[in-house]
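Laboratory data are not the source of any read-out in this text; all were calculated from the coordinates shown. In this text, all values refer to a predicted model and were calculated from it rather than measured experimentally. Every residue, glycine as well, gets a Cβ built from its backbone with ideal geometry; the counts of neighbours run over all protein chains shown.
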Amino acid sequence: MGAAALAEPIPLRATAAQTRIRRLLSLLATHAVLMAGAVFMLLPFVWMLMTSLKSPGEIFSADFTLWPRRFSAVENYDRALTTAPLLRFALNGFIICFGILVVQLLVAIPAAYALAKLKFPGRNPLFVLVLLGLCIPVQVPALPLYIALASLGLLNTYFAIMFPFFLSVFAIFLFRQFFKSFPDDIINAARLDGMSEFEIVWRIVVPSAWPAIAAFSVFSAVAHWNDLYWPLIVVSDTRLAPPPLGMMFFADAETGSNYGALTAAATVLTAPLVIAFLVARRRFIEGITMTGVK
Amino acid sequence: MAAELSRPRRSRQHWIERLTGTGFALPAFALLIMVNLLPLIAVLYLSLTDYEFGALEAKFVGLANLNKALSDPIIRRSLSNTLLYVAIVLPGSVLLALAVAVLVHGRRRTRGFYEVAYFLPVTSTLIAMATVWQFLLHPRLGPVNAALRWFGLAEVPFLSDPAWALPTLAVIGIWQLLGFNMVLFLAGLSAIPKDLYEAAEIDGVATGIDRFLTITWPLLGPTTMFVIVTTSITAFKVFDTVAVMTRGGPMGSSEVLLYNIYLEGFQYFHTGYAAALTVIFLFFILAFSVAQTFALERRVHY
């Protein structure tokens, strides 16, 4: 009896140790799997950065090293910046993203408020059109829009690049959801205080919807900084090219031989968004995946 | 008394609402009609004509364009390429993202690092990264083939072999989409109440796999449906990597529908024919979107 009581704690302690070992092993396995995946995800970025620092001789040599033996960063970046107006492409990216976003917000916010809170003729047809618009990517209206812009002599303008995106049905849809939950009592109180609907939208409702607006802004900027299809169609003038199109022009001009300069260019054009992402990680993840979560 | 007083106010409010509502919605309405509705009707009409951009007149040809497209071996191949691309990217990016999300969800201190690592490709400019991938996969200069040689394996001409080109692009597609899907799954996972797992432990559901099968997987159902549909749509719209890395080659093995629409419509200016291809493209996108509304509906009712 006494012996049994003495013996009992020992196997118990053994299982505790066992579970601890098992837990440790599964933790190790988890990190091993996740790290392997992370290496696959990050390898292109690391390789891009490292290649942009290497000398051509080293890039073309048969033995592979990640860390450059001789740094040629200055030559590579200088070459990239002088053969193609990379900073101009980045500036175009900023202009286009900013222009699109401002108009999108100015158009979508009042419309979303009207859909959420006001009764007016044409409300239902508008909402049906918004829902229909959600299903139609820009590639569908591209042909007629191109013909229209060409016949107006507007190809190769910032306006042509931005025009199809001035209206974001997604923004209307998202903001409408957000505004709907805004309390009617506050709006009615503001009305009794003599505020116009215009003031109510911009001074009361919009500040409360700030998270949705910030998230949408990130989503919009990322989408249009990276868009290739539409700019490729309406822009042939290098000076107007947004980053992806500029990268394409540059890669064509280099005909794939000077990888040092190519990766330097890729680094310059990827950097703004990647840095913004690292700085505002939460906002980015919210903004880009909002399409899925809402 | 109160009702008496408020009636004129209410009808005045009614008129203000009608006026401001119309005014607020008008810019959006006008743009929707200009950018979406009219072009949509125009595409449908153009697909029934033999219009070529720049031509002075066009003939009505009915469904001839559509028939031609559906029997054109190039378009058939391109359509089957597109669907094959979807068939690789869809399971690849959804299942891997689910696995990564389940593993990342339990991490506390390292969660931020993994989120950044997996999400980075989503924010990066795909065209710039495509150039980098081209270099990574280069037969002589790229590290991937160097690694294969080091392991004593044969070199793989990833982008210049017709059998390899499309699957390679699909792997890059998975690389780009994985982080996006992971974050959607993470959102779904954090919505699962913790006490369900505790209850399951009491009920004797002990191992991780059992827990996953009895709780996580069924409760993630709606999220999974949604991820599947959005991934299908994104994958079906593949264009960037094709345009930059392979231009549909070698020998048309990586031509996809959107690339053909681009070539026909904006390089060869066969506008009518490209419009018919766009109608086919729209048909698939709408089919996916119908599935999406269905998925969303289920999400709401869950």
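In nm², what is the average projected area of the convex hull enclosing the Cα atoms of region B:1-128? List each step's numbers first, then the result.
On the way: hull surface 76.7 nm².
If I average the Cα hull's projected area over directions, I get 19.2 nm².
How about region B:18-91: which trypsin sites (Lys or Arg not before Pro) there are in a DSSP loop, with at most 14 other Cβ atoms within 10 Å of their Cβ?
Details: sites: B:Arg18, B:Lys59, B:Lys68, B:Arg76, B:Arg77; in loops: B:Lys59.
Those that pass, being in a loop and sparsely packed, are B:Lys59.
Extending each Cα 7 Å along its Cβ direction at B:Ser190 and A:Ser236, get the distance between those two points in nm, one decimal.
Label-label distance for B:Ser190 and A:Ser236, simple model: 4.9 nm.
Using +1 on the beta carbon of Lys and Arg, -1 on that of Asp and Glu, and nothing else charged, what's the dipole of the protein assembly as shown about the Cα centre, debye to 20? Mind dumping the intermediate values first?
Values: 42 positive and 33 negative charges, 251 e Å.
Computed about the Cα centre, the dipole is about 1200 debye.
Under the rule a/c < 1.5 gives rounded, and otherwise a/b versus b/c splits prolate from oblate, where does region B:135-276 land using the Cα gyration tensor? Present the calculation step by step, with values, prior to reporting the outcome.
Numbers: a/c = 4.04, a/b = 1.65, b/c = 2.46.
It comes out oblate by the Cα gyration axes.
Mind checking the log10 I(q)/I(0) for region A:85-293 at q = 0.09, 0.12 Å⁻¹? Debye, one equal scatterer per Cα, no solvent, two decimals.
Once normalised to I(0) and log-transformed, intensities are -0.43, -0.72.
Any idea what the relative contact order of chain B is, in percent, if you count C-alpha pairs under 8 Å spaced at least 6 apart?
Averaging sequence separation for qualifying contacts and normalising by length gives 28 percent for chain B.
Pick out which of B:Leu66, B:Leu31, B:Leu258 has the largest mean-square fluctuation in a Gaussian network model of chain B, springs linking Cα atoms closer than 10 Å.
Residue with maximal mean-square fluctuation among B:Leu66, B:Leu31, B:Leu258: B:Leu31.
What percent of all Cα-Cα pairs in chain B falls in each 10 Å bin, counting up from 0?
Cα pair-distance distribution for chain B, in percent: 5, 19, 23, 22, 16, 9, 4, 1, 0, 0.
Compute from the Cα atoms of the protein assembly as shown the Rg and the Dmax, the latter being the longest Cα-Cα distance, and quote both in angstrom.
27.5, 107
Farthest toward the dipole's positive end in chain B, which of B:Pro250, B:Thr231, B:Gly54, given Cβ charges of +1 (Lys, Arg) and -1 (Asp, Glu) about the Cα centre?
B:Thr231
Using the Cα centre of region A:85-293 as the reference point, and only Cβ charges (+1 on K/R, -1 on D/E), how large is the resulting charge dipole? Debye, rounded to the nearest 20. Don't jump to the answer; show the numbers that get you there.
Numbers: 12 positive and 10 negative charges, 73 e Å.
Taking the Cα centre of region A:85-293 as origin, the dipole is about 340 debye.
Using θ = phi - 60° and the Karplus curve 6.51 cos²θ - 1.76 cosθ + 1.60, what whole-Hz ³J(HN,Hα) does each residue of region B:112-124 get, with Gly and Pro shown as x?
With coefficients 6.51, -1.76 and 1.60, one gets x, 4, 5, 4, 4, 4, 7, 8, 3, x, 5, 8, 6 Hz.
If you split all Cα-Cα distances of region A:25-168 into 10 Å bins from zero, what percentages do you get per bin, shortest first?
Whole-percent P(r) values from 0 Å outward: 9, 19, 20, 20, 20, 10, 3, 0.
If we count other beta carbons within 10 Å of each Cβ, what is the order of A:Leu245, A:Leu240, fewest first?
Working: A:Leu245 26, A:Leu240 21.
Ranking A:Leu245, A:Leu240 by Cβ neighbours within 10 Å, fewest first, gives A:Leu240, A:Leu245.
Would you please give the residues with an amide H less than 5 Å from that of B:Thr49, counting only those at least 5 places away or on a separate chain, with H modeled from the backbone geometry?
When sequence neighbours closer than 5 places are left aside, the close amide H contacts are B:Val61.
Give me, ordered by chain and number, the residues 5 or more places off A:Lys54 or on other chains with an amide H under 5 Å from its own placed amide H.
A:Ser72
Just need the relative contact order of region A:145-256 here, percent rounded to a whole number, with Cα pairs under 8 Å and 6+ apart.
On the way: 50 pairs, mean separation 39.3, N = 112.
The value is 35 percent.
Run the reach check for B:Lys237 against aspartates and glutamates, Cα to Cα strictly under 15 Å, same-chain hits fewer than 8 apart removed. What comes back?
Answer for B:Lys237, where 15 Å is the Cα cut-off: A:Asp227, B:Glu255, listed by chain and number.
Can you put A:His224, B:His138 in order, fewest other beta carbons within 10 Å first? Could you put the intermediate results ahead of the total?
Details: A:His224 22, B:His138 18.
By the 10 Å Cβ count, ascending: B:His138, A:His224.
Report D for region B:102-187 in µm² per second (integer): Stokes-Einstein, Kirkwood Rh on Cα pairs, 20 °C, 1.002 mPa s. Show your work: numbers first, answer last.
Working: Rh = 14.7 Å.
The estimated diffusion coefficient comes to 146 µm²/s.
Please identify which residues in region A:222-249 have an amide N closer than 18 Å to a label point set 7 Å out from the Cα of A:Val102, following the Cα→Cβ vector.
Those under the cut-off are A:222, A:224-225.
Would you mind pulling out the separation of the Cα centroids of region A:183-211 and region B:20-36, in Å?
Value for the Cα centre distance between the two parts: 21 Å.
Which of the listed residues, B:Leu282, B:Ala147, B:Leu263, is farthest toward the dipole's positive end in region B:142-288, when Lys, Arg count +1 and Asp, Glu count -1 at the beta-carbon?
The listed residue farthest towards the positive side: B:Leu263.
Would you mind calculating the gained length between A:Ser196 and A:Ile95 on full extension (0.36 nm times residue separation, minus the Cα-Cα distance), in nm to one decimal?
Numbers: separation 101, 0.36 × 101 = 36.36 nm, distance 3.25 nm.
Full-extension gain reported as 33.1 nm.
Assign unit charges at the C-beta atoms only (+1 for Lys and Arg, -1 for Asp and Glu), then state the dipole size of region A:162-283 relative to its Cα centre in Debye, rounded to the nearest 20. Could the numbers behind the result be given before it?
Details: 8 positive and 9 negative charges, 65 e Å.
Dipole of region A:162-283, to the nearest 20 debye: 320 debye.
Using a Förster distance of 51 angstrom, determine the FRET efficiency expected from the C-beta separation of B:Ala163 and A:Lys119, and round it to 0.05. Let's see the in-between values first.
Values: r = 61 Å, r/R0 = 1.19.
FRET efficiency, B:Ala163 to A:Lys119: 0.25.
Provide A:Cys97, A:Cys135 in ascending order of the number of other Cβ atoms located within 10 Å of each residue's Cβ, fewest first. Can you show the working numbers first?
Numbers: A:Cys97 25, A:Cys135 17.
With the fewest neighbours first, A:Cys97, A:Cys135 line up as A:Cys135, A:Cys97.
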